[in-house]
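Structure first, then comments.
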C-alpha cells in the first residue's frame with residue numbers, strides 16, 4: 001500500500017506515507033524482474049486463478065504525485081495499481097475529516113483533480129476503489 005511517491009520533507013510528520021521516487025521505481029522494477037504478475041484489487045476475488053507470484057499495488061487517498069511520479073513507473077514496468085479515493089478528498093479533508101490526522105500537513109498535499117482522476121483511469125494501468133466517503137477513522141465510529 002502506497003500513499004505518496006515523493007521526496008521526504010524536512011520535519012514532516014507524515015514522511016512515513018511517502019516513498020521516494022527512486023525507491024518506488026526500484027521496488028516496481030524488482031517485482032517485474034522477479035517475475036511478479038501485477039493485478040488490480042478487483043482481480044483478487046478470483047483467487048483460484050492467481051499465479052503464485054501475484055502482487056496488487058494500492059494507492060490511498062489520491063495524491064497528485066500518483067499521476068506525476070507513480071504512473072510513469074507503472075507504465076515503464078507494465079504494472080498496474082488500484083487507486084482508493086475518498087469521495088470528499090478536496091479542500092481540508094485531511095484535517096477536517098481524518099480525526100486521526102488533526103494537523104494541516106496532509107491537507108496541503110496536492111490531491112488529484114477530477115480531470116486527473118479521469119486521465120489516470122483512462123490509461124488502463126489504474127482501477128478505482130472506494131475509500132469511504134469522508135476517510136473517517138473507522139475504528140473510532
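The values are calculated or read from the model by the stated rules, or taken from the named source; none is laboratory data. Keep in mind the model is a prediction, meaning the values are calculated, not measured. Heads up, the Cβs are rebuilt from the backbone with ideal geometry, glycines too, and the neighbour counts pull from every protein chain shown.
Quick check, is residue 83 in contact with a helix residue (DSSP H, G or I) (Cβ under 9 Å, 6 or more places away or on another chain), assigned to a helix (DSSP H, G or I) and buried (at least 16 other Cβ atoms within 10 Å of the Cβ)?
Considered against the rule, which asks whether it is in contact with a helix residue (DSSP H, G or I) (Cβ under 9 Å, 6 or more places away or on another chain), assigned to a helix (DSSP H, G or I) and buried (at least 16 other Cβ atoms within 10 Å of the Cβ), residue 83 comes out as no.
Could you count how many residues in segment 106-129 are part of a loop (DSSP other than H, G, I, E, B), surrounded by fewer than 16 Cβ atoms within 10 Å (Cβ to Cβ) and out of contact with any strand residue (DSSP E or B) (no Cβ under 9 Å at 6 or more places or on another chain)?
Looking only at that region, the number is 4.
Filter segment 19-38 down to residues that are over 14 Å from the mean Cα position of the chain (by Cα) and assigned to a loop (DSSP other than H, G, I, E, B) and give me whichever is nearest to residue 126 (Cα to Cα).
Out of the qualifying residues, it is 36.
Run residue 46 past the list (1) closer than 20 Å to residue 124 by Cβ; (2) crowded, with 16+ Cβ neighbours inside 10 Å; (3) at pLDDT below 95 and report the number of the one that doesn't hold.
Single failed check for residue 46: (2).
Which of the numbered conditions does residue 59 fail, given that it passes all the others? Conditions: (1) part of a helix (DSSP H, G or I); (2) crowded, with 17+ Cβ neighbours inside 10 Å.
Unmet for residue 59, out of (1) part of a helix (DSSP H, G or I); (2) crowded, with 17+ Cβ neighbours inside 10 Å: (1).
How many of the residues making up segment 1-18 are touching a strand residue (DSSP E or B) at 6+ places or on another chain (Cβ under 7 Å) and part of a loop (DSSP other than H, G, I, E, B)?
Of the residues in segment 1-18, 4 are touching a strand residue (DSSP E or B) at 6+ places or on another chain (Cβ under 7 Å) and part of a loop (DSSP other than H, G, I, E, B).
Can you pull out every residue in segment 75-112 that is at pLDDT below 65 and within 18 Å of the chain's Cα centre (by Cα)?
If the condition is that a residue be at pLDDT below 65 and within 18 Å of the chain's Cα centre (by Cα), then 88, 89, 90, 93, 94, 98, 101 are the ones that fit.
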